[in-house]
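In what follows, a structure is listed as structure tokens, so that the remarks can point back to it.
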Amino acid sequence: MRRLFLRLIRFYRRAISPRKPAMCRYIPTCSEYGLEAIERFGALKGGLLTVWRILRCNPWSRGGYDPVPEKKEKKKG
């Protein structure tokens with residue numbers, strides 16, 4: 001599933017994004033964010049982070065710098 005999501009984002013970046021005006025209000029762009037989030041957290045959590053980011057990227061958003069969160073290390077008991 002992870003590979004499928006990454007391929008879909010890469011397809012979007014290669015085939016669809018160049019034909020549209022730049023609209024993302026964030027740095028990194030939503031597609032860059034999605035690639036990094038899914039690579040770091042996997043399909044489920046990375047996909048949810050990406051969807052949440054896309055929902056926040058709208059004309060009423062301030063935008064700005066919004067990196068993918070760092071992966072928290074589990075504490076050993």
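The values are calculated or read from the model by the stated rules, or taken from the named source; none is laboratory data. The structure displayed is predicted, hence computed values, not measured ones. Glycine also receives a Cβ, built like all others from the backbone with ideal geometry; neighbour counts cover every protein chain displayed. Quick note on the areas: whole protein, heavy atoms, side chains included, nothing else; ligands and nucleic acids left out. Shrake-Rupley method; radii C 1.70, N 1.55, O 1.52, S 1.80 Å.
Under the condition of being among the basic types (K, R) and outside any helix (DSSP H, G or I), which residue from region 11-28 is surrounded by the fewest Cβ atoms within 10 Å (Cβ to Cβ)? Residue satisfying both the conditions and the ranking: K20. Filter region 29-45 down to residues that are open to solvent by less than 30 Å² (accessible area, probe 1.4 Å) and touching a Leu at 6+ places or on another chain (Cβ under 9 Å) and give me whichever is farthest from F5 (Cα to Cα). Within region 29-45, the match that is farthest from F5 (Cα to Cα) is Y33.
Taking the criterion of being crowded, with 16+ Cβ neighbours inside 10 Å and either in a loop (DSSP other than H, G, I, E, B) or in contact (Cβ under 8 Å) with a residue 40 or more places away in the chain (or both), the residues of region 51-77 that qualify are C57, D66, V68. Inclusion of L8 among residues that are open to solvent by 70 Å² or more (accessible area, probe 1.4 Å) and of a type in the set (A, V, I, L, M, F, W, C) is warranted.
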